[in-house]
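Everything below concerns the one structure shown next.
The values are calculated or read from the model by the stated rules, or taken from the named source; none is laboratory data. Fair warning: this is a prediction, and the values are worked out from it, not measured in the lab. For neighbour counting, all protein chains shown are included, and Cβ atoms are generated from backbone atoms with ideal geometry for every residue, glycine included. Each accessible area value is taken on the protein alone, full model and side chains, heavy atoms only, with ligands, DNA and RNA left out. Shrake-Rupley method; radii C 1.70, N 1.55, O 1.52, S 1.80 Å.
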Amino acid sequence: QAQLIESGGGLVQAGGSLKLTCAASGRTSFSPHAMGWFRRPPGKDREFVAGISWSDGRAWYDDSVKGRFTISSDNGKNSVYLQMNSLKFEDTGVYYCAAMVRYVGEYDYWGQGTQVTVSS
């Protein structure tokens, strides 16, 4: 249904900022219930970071990133963004974009991931 491609990852010092982009492409219309960001720290399980409703822009965050990260979307560009400020070493990991397409509450399309490394 959709291909999700993340970009914007890289190496940054603690306290710095990065902005991730997720672009959805495909021949079919793109109208997910929500878009989200997840991450997998080294040696740990994948965890939820932030999500946003496609229709009304309502956003929700994991407690660990509240006040530091901001998720936003551009429906016309079929894109979602994650602005990450005041980065910590613990934010290091592979960040994945996901789309909630078929069912409310289930992310069923995933990108390949982009590496974010925060140096201390």
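Miscellaneous remarks
- Pairs with Cβ under 6 Å, 6+ apart, first in segment 76-92 and closer than 15 Å to Ala59 by Cα and at pLDDT 95 or above, second open to solvent by 60 Å² or more (accessible area, probe 1.4 Å) and not in a loop (DSSP other than H, G, I, E, B): Gln83/Lys19; Gln83/Thr70
- Lone unmet requirement of (1) open to solvent by less than 10 Å² (accessible area, probe 1.4 Å); (2) farther than 14 Å from Ser17 by Cα; (3) of a type outside the set (Val, Ile, Thr) for Phe69: (2)
- For Val94, the conditions (1) within 18 Å of Gly9 (Cβ to Cβ); (2) surrounded by fewer than 16 Cβ atoms within 10 Å (Cβ to Cβ) all hold with the exception of (2).
- Which listed residue, of Arg39, Arg68, is more than 15 Å from Leu4 (Cβ to Cβ) and among the basic types (Lys, Arg): Arg68
- Residue in segment 6-17 that is farthest from the chain's Cα centre (by Cα), counting only those that are exposed (fewer than 14 other Cβ atoms within 10 Å of the Cβ) and assigned to a strand (DSSP E or B): Gln13
- Filter result (of a type in the set (Gly, Ala, Ser), outside any loop (DSSP other than H, G, I, E, B), touching a residue at least 24 places away in the same chain (Cβ under 8 Å) and over 12 Å from Tyr81 (Cα atoms)) within segment 19-70: Ser25, Ala34
- All of (1) surrounded by 13 or more Cβ atoms within 10 Å (Cβ to Cβ); (2) assigned to a strand (DSSP E or B); (3) hydrophobic (A, V, I, L, M, F, W, C); (4) out of contact with any Pro (no Cβ under 7 Å at 6 or more places or on another chain) hold for Leu87 with one exception: (2).
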